[in-house]
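Novice: Attaching a single structure in structure tokens format; questions to follow.
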Amino acid sequence: MQNSILVNMGTDGQVSVYSENYFAEEEVEPRPFIKDSYILCGSSLCGGRAYALLADFFKQTEKAMGVEDVDPYHIMESLLESKEEAQKKK
């Protein structure tokens, strides 16, 4: 648990870290955890929205090019897979 970080991207984005010390700043939320420890969380509300915005960009680009009925999420998934494959080859 110590020296760990969790990054979660879904309908929002969140970064969480374990801490034995209480720490609060404007963009850090300390959440109670076990044995007088805390999970420090930094959250945004744009994770899923950013992904949807990218999908909308692909839809608009397809339409401008005269292409329709292409699933932008499928394109985005293919791009992620090709990037992962390229990184494996390094």
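No value in this document is a laboratory result; all are computed from the given coordinates. Remember, it's a predicted structure, so these values are computed and weren't measured experimentally. We place every Cβ from the backbone using ideal geometry, glycine too, and count neighbours over all the protein chains shown.
Novice: I'd like the orientation of helix 72-89 relative to the chain: the angle between its Cα long axis and the longest Cα principal axis, in ° from 0 to 90, rounded to 10.
Specialist: Taking Cα atoms only, the helix is inclined about 70 degrees.
Novice: Say each of residue 75 and residue 56 gets a label point 7 Å from the Cα, pointing the same way as Cα to Cβ; how far apart are those two points in nm?
Specialist: 1.6
Novice: Round to the nearest 10 and give me the degree value, 0 to 90, for the angle of helix 47-64's Cα axis relative to the longest principal axis of the chain.
Specialist: 10
Novice: I need 40, 80, 54 ordered by Cβ neighbour count within 10 Å, fewest first.
Specialist: Exposure proxy ranking, most exposed first: 80, 54, 40.
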